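Notes follow the structure.
The values are calculated or read from the model by the stated rules, or taken from the named source; none is laboratory data. No experiment lies behind these values; they were computed from the predicted model shown. Every residue, glycine among them, receives a Cβ derived from its backbone with ideal geometry; neighbour counts consider all protein chains shown. Calculation scope for accessible area: heavy atoms of the full protein, side chains included, ligands and nucleic acids excluded. Shrake-Rupley method; radii C 1.70, N 1.55, O 1.52, S 1.80 Å.
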Amino acid sequence: MKRIYVVEDHDAIRDGVVRYLEISGYDAVGMATIGQERSALEEDRPDLIIQDVMLPDGDGFMFVKELRSRGLDIPVIFMTARSEESDRILGFELGADDYISKPFSPKELVLRVAALFRRLEHTSGEAKEKEERMTFASAENRLVIDVEQHRVTLDGEERQLTAAEWRILTYLAHNEGRLVSRAEILDKCFDYAMDSYERVVDTHIKNIRAKLRPGYWIETVRGYGYRFSPFGEEEE
């Protein structure tokens, strides 16, 4: 059974989300503060965190940023009243896998949770049918994508990717040399329409590039999408 942390200080919203997730077959644990969340993470690693942003003891955005800096790649869905596009983009830049704005339908949230888990399982299943270890070399660097071990290394040094970044990178790598549109990446890597549409793809690509060598590995094709290539330089 998938375990989900629901971090939300509004009692009615938190309890409602927890109940709806439990009815849908998940093991949901509710908590009201970042302090409670931090303590829980020291004892157990959930399959997903549903994270509010404005909490009484801190900022959910900054806490997720802290988790990513520590190399914890637990999938995260932000659930917040901050609905501006700039807030959604910030959430994805910090490593979110999805972002849902309040008010929302509990059914929609559960559908997004199911879509995320389905995509993670689908990616794992596809790995068994494709190369489990892909190695790429540029003039100066060596990139290894080990699908079986779920690891990415650059010149022997492991690079931590979020679940969404992993899906995009492996999809592009499996399609090395082929031009892939943003719409295709959304369809194949996320399995549902997202609020910020194609800008979400650009944000994740930006994060991947920052973790790998900028100017290599992913080529921008203006007005269309991206191509994975060891020597593909980023166009600005």
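Numbers at a glance
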quantity: Residue pairs meeting the criteria (Cβ under 6 Å; at least 6 apart or on separate chains; first more than 17 Å from residue 25 (Cβ to Cβ), in the stretch 109-126; second at pLDDT below 75 and not in a helix (DSSP H, G or I)); calculated: 119/191
quantity: Sole residue being of a type in the set (A, V, I, L, M, F, W, C) and buried (at least 16 other Cβ atoms within 10 Å of the Cβ), chosen from 183, 137, 163; calculated: 163
quantity: Members of the stretch 1-17 that are farther than 12 Å from residue 49 by Cα and crowded, with 20+ Cβ neighbours inside 10 Å; calculated: 14, 17
quantity: Residue match in the stretch 56-65 (condition: open to solvent by 30 Å² or more (accessible area, probe 1.4 Å), out of contact with any Lys or Arg (no Cβ under 8 Å at 6 or more places or on another chain) and closer than 18 Å to residue 117 by Cβ); calculated: no
quantity: Members of the stretch 71-110 that are over 16 Å from residue 200 (Cα atoms) and of a type in the set (A, V, I, L, M); calculated: 72, 74, 79, 81, 109, 110
quantity: Unique match (being of a type outside the set (Phe, Trp, Tyr) and surrounded by fewer than 13 Cβ atoms within 10 Å (Cβ to Cβ)) among 73, 44; calculated: 44
quantity: Complete set of residues in the stretch 140-156 that are under 19 Å from the mean Cα position of the chain (by Cα) and of a type in the set (Lys, Arg); calculated: 151
quantity: Test: residue in the stretch 8-18 that is assigned to a loop (DSSP other than H, G, I, E, B) and under 24 Å from residue 152 (Cβ atoms); calculated: no
quantity: Condition check for residue 178: touching an Asp or Glu at 6+ places or on another chain (Cβ under 8 Å) and either open to solvent by 10 Å² or more (accessible area, probe 1.4 Å) or modelled with pLDDT of 90 or more (or both); calculated: no
quantity: Candidates 148, 121, 198 - the one that is of a type in the set (Asp, Glu), more than 23 Å from residue 48 (Cβ to Cβ), at pLDDT below 90 and open to solvent by 20 Å² or more (accessible area, probe 1.4 Å); calculated: 198
quantity: Residues located in the stretch 1-23, provided they are within 22 Å of the chain's Cα centre (by Cα) and not charged (D, E, K, R); calculated: 1, 4, 5, 6, 7, 17, 18, 21
